[in-house]
Structures are given as C-alpha cells and as structure tokens.
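Reading through the structure tokens given below for one structure.
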Ligand SMILES: Cc1cc2nc3c(=O)[nH]c(=O)nc-3n(C[C@H](O)[C@H](O)[C@H](O)COP(=O)(O)OP(=O)(O)OC[C@H]3O[C@@H](n4cnc5c(N)ncnc54)[C@H](O)[C@@H]3O)c2cc1C
C-alpha cells in the first residue's frame, strides 16, 4: 500500500505502455559503472565462451566482426530508474556465437575486463534475445558505454548487459555476480520490478 | 515508511531532510535509499538519494541531502514542498559496493562533484582513525554543502584534510582563480598511489568519468577506485 505524498503532482507523467513500473524516460544516455572505464585496444581484444567441461571458444576482433551481425532497435531499462526507448545497436546474436558450442549448462556468468561479473539464465541469451554489441547509433561503441563490445540483453535491467564483456562461462547452478552480491536481484526483470534481493 | 522530523537548508538550492524510520536497522556509509512518491491519482515517481548521516545504534534517523534541479520532478518537491510531519515511502539501505567499511585501515581519498558530497560526507562522519583526504569540487562558495561542519572538522581533526576546487567563483582571498578539477589537483590533494588508498568518487556522470580516469592515469589500481554516478550530464 502506498500513501499519498501530500502536495505531490508529478511532472514526468509518461503514459507510455512501454515504460516498466517505477521507471522514467531519459533522453540522454546515462552511465552506470562501479569504477573507472577500462580502455581496451582492439588488437588485444578477445572474447570467449568457456563451457562447463572446460572447452573454450575464442574470437579476436577480426574474427568477431567478420561474423554475421544484426541491427537491433530496443528499449533499455536501468535499475537506477531511467529507461531509454528505441536505442540502435549492431552486434552478433548469441545464437550465432553458441552455434558450435556444446553445453549442458543452464546458467551463464558474464565476465568483463576489470573483474565485473553478472549472472543470467542461459535461455535468456538465446532465441534472438541477446547480442554482443559493438556499435551504438551507427558509431563504434564508446568505452564509457561498454566498448569495444558489451553484452546486450534488453529484456532484463541493464546491469545484466555487461560492459567490456570478454567471457561467458557456462555453469550448472546459478551464482550471483557483482551487483547481485551487492544486494541486487538475481534475475532482474524490469516488468516485475525485480530491482533488489527479495523483490 | 519514514516521517520527516526536521528540514535544514544547506544552501539556497539544497536541503537536508532528517527522516525518522522506526524499523531502521543501520547502514554503511555510501549506501542510498530509494524514495517513492505517490500522487493522488496513483501516479508514482521513484529516485535514489544517498545517506548523508553516519549510523549509530541509538538513533533511528537517517539524513539525506537533496540538490534542487529546477526542472526536476522529485528534487523540487523534496526541497520546497515537504514539511516536518510528512510521511515518505522509503526503501533501503541499498548498495553494497560504493561503501566504506570502518574496519578498513587504508587511507582514503574522497572526491566529490557538487551534490556528490552526500555519501562521502557519511564516510567523513563515520571516520575513525583512518586518514582521509577530501577533494570537493563546486561551482561557487555558496554551493558548498555542510560548509560549517566541514570547516570545523578539517580544523579540529588532523586526520581529515579538505581541499575545495571552485569552478566559477572563488572566495575572497583564494590563492587561485576559478579552475576545473585536474590531474594536478588530484595528485596534490589526494593520496599518492603508493599508499594504496581506497578512492571514492561521486557526482554527476561526466565528473565521475573524468576523475576516475585521472586516478587510473596517476597509477591507482582501478579496483580501488569506486564510483557512484548521480545522473545528469
Ligand atoms: C545512487 C544514487 C544516489 C543519489 N544520491 C543523490 C543525493 O544524495 N542527492 C541528490 O540531490 N541527488 C542524488 N541522486 C540523484 C537523484 O536520484 C535524482 O536523479 C535527482 O534528484 C534528480 O531528480 P528529479 O526528479 O528532480 O529530476 P528529473 O525529473 O529526474 O530530471 C530533471 C532533469 O535533470 C537531469 N538530471 C537528472 N539527474 C541529474 C543530476 N544529478 N545532475 C544534473 N542533472 C540531472 C535529467 O536528465 C533531466 O533532464 C542520486 C542518484 C543515484 C543514482
């Protein structure tokens, strides 16, 4: 039950049905990171998928950008309450990346340069639901926003879309990542308002 | 649920709210609360506000300080409309990364831009014997939150060093003209990387981005640089 806030009218009323509960529409592109922005030279960039059996699939920048890429336009929702509609990305679908990967893992830990991690159920990465994105708005993805490449999982709160991602590790059991250990929700569905542990 | 016990004007555009929260079980300096406002027709707005106060077991109050953004939705309400006795829906404490733990013995560098001082002030207020250096960037002297308290603490407490950087207007007799925070300021008034300080940077997004980059350029371990971005440009 909510109490009425005396004298509060609200100025940002946004009737859009595309706005999840508790979110407001941002027109700029705010940044959420736990620390400084790493700068990763493309000739040292690498991305890999590590299966639960220890098998590793690795791509360097040239191999990665030679994979078939998709242009996607999606809404994104940050746990700090802003949402941004119609953001345009280019990236490789995880369906493409997992094509030749043998795995029985049900969960994935995404690892980033700098030590950031976040956990996602494997099924949330497949069937056109997630990408490794390397362009934003027609430009190379800026380091501040996770460049050279970041995970993009628009149907979950944006902290799940790990910036500077360099590895996906398959797991049998779900484990908390960085923000999840710091009190944020294990799954993070914006439509269920799963912001914090216990939501 | 919180009840506003008291309000205090910090500057012409910022105000501290002292909240009574009976079920409050404590917090760590650096954490924030989420505030949810509800209009008569059910419309709701939520925002995050850092906790400014240190916690002590005998107090059930939590202080936040809100900087008014003229065209904002929530901050004008909290700085102009709310009165003692009003009830506010809060949730928290939230955040387990941008926190300073009193058990830590490392020296601490705090760098605030504007209202980014708020969670850093909670750290200053909770400080024990650790050595703290605070760099506080503001536009003008009139924009300084907690001005008297910071001056008093810096004077009485030799373990706390406070350095102000003014970008638009300096106090009378200030030795340098208005300047933006730069790498020389961070190098001179923060702890050197050799001391392996814990660094906390808080403020508007661009400020945090720029300052965190400076710390890394100076040789600080990125893992020791914790940031909190308040939003805005
Ligand atoms: C973890 C966290 C802790 C925070 N702690 C504090 C705090 O202790 N004190 C405090 O005053 N604020 C704090 N903030 C910011 C606060 O949550 C609100 O964003 C801020 O009060 C503006 O809300 P509003 O409804 O008034 O403005 P809105 O209606 O949301 O926005 C008004 C306009 O201002 C822009 N804007 C949003 N935030 C900022 C900003 N910080 N600076 C400049 N422009 C901005 C928006 O893009 C928009 O154009 C914190 C934010 C986070 C994420």
## Note on the structure
Semi-axes a, b, c in Å (a largest) for region B:65-188, each sqrt of 5 times a Cα gyration tensor eigenvalue, come to 26, 22, 13
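Fewest Cβ neighbours within 10 Å first, please rank B:88, B:183, B:51 accordingly.
Values: B:88 23, B:183 14, B:51 26.
The most exposed by this proxy come first: B:183, B:88, B:51.
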### Debye intensity ratio I(q)/I(0), log10, region B:1-156, q values 0.14 Å⁻¹ (C-alpha model)
-0.70
### Query
How do B:221, A:124 line up, fewest other C-beta atoms within 10 Å first?
B:221, A:124
### Query
So what's the back-of-envelope 222 nm ellipticity for chain B, counting only DSSP H runs of four-plus at -39500 (n - 2.57) apiece and dividing by all residues, rounded to 500?
-5000 deg cm²/dmol
#### Entry: C-alpha long axis of helix B:205-217 to longest principal axis of chain B, angle in °
30 degrees
### Length-normalised contact order of chain B in % [C-alpha pairs under 8 Å, at least 6 apart]
19 percent
### Message
Between 0 and 90 degrees, rounded to the nearest ten: what's the tilt of helix B:117-126 against the longest Cα principal axis of chain B?
### Response
80 degrees
### Query
Which percent, nearest 5, of DSSP beta bridges in chain B are antiparallel?
55 percent
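Let me have the relative contact order for region B:2-94, percent, based on Cα pairs under 8 Å that are six or more residues apart. Please list the in-between numbers first.
Working: 186 pairs, mean separation 35.1, N = 93.
RCO, region B:2-94: 38 percent.
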### Query
Taking the Cα atoms only, what angle lies between the long axis of helix B:147-156 and the longest principal axis of chain B, rounded to 10 degrees?
50 degrees
### Message
Helix-only estimate, please: 222 nm mean residue ellipticity of chain A, summing -39500 (n - 2.57) across DSSP H runs of length 4 or more and dividing by its residues, to the nearest 500.
### Response
-1000 deg cm²/dmol
### Query
By what distance, in whole Å, do the Cα atoms of region B:2-94 stretch along each of the three principal axes, largest value first?
36, 31, 24
### Shielding by partners, peptide B:220-231 (average Cβ within 10 angstrom, other chains)
4
### Summary
In whole µm²/s, the translational diffusion coefficient that Stokes-Einstein assigns to the protein assembly as shown, given a Kirkwood hydrodynamic radius over C-alpha pairs, 4 °C and 1.567 mPa s, equals 56 µm²/s
#### Entry: For chain A: relative contact order, % (alpha-carbon pairs under 8 angstrom, 6 or more apart)
22 percent
### Query
What nm distance separates the two modelled labels at residue B:81 and residue B:196, each placed 7 Å from Cα along Cα→Cβ?
5.0 nm
### Query
For the pair residue B:155 and residue A:99, what calculated FRET efficiency results from E = 1/(1 + (r/R0)^6), where r is the Cβ-Cβ distance and R0 = 41 Å, to the nearest 0.05?
0.05
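In the protein assembly as shown, what % of DSSP beta bridges are antiparallel (nearest 5)?
Working: 62 of 90 bridges.
The antiparallel fraction comes to roughly 70 percent.
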### Message
Taking 2.2 N^0.38 Å as the expected size of a compact globular protein, what ratio does the Cα radius of gyration of region B:117-210 give against it, to two decimals?
### Response
1.07
## Note on the structure
The exposure ranking of A:78, B:202, fewest beta-carbon neighbours within 10 Å first, is A:78, B:202
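Could you please tell me the mean projected area of the C-alpha convex hull for chain A, averaged over all directions and given in square nanometres to one decimal? Let's see the in-between values first.
Numbers: hull surface 49.9 nm².
It is 12.5 nm².
Values in this text are rule-based calculations from the coordinates and carry no lab data. Only a predicted model underlies this, so the values are computations on that prediction, with no experimental measurement involved. So basically every Cβ, Gly included, is an ideal-geometry build from the backbone, and we count neighbours across all protein chains shown.
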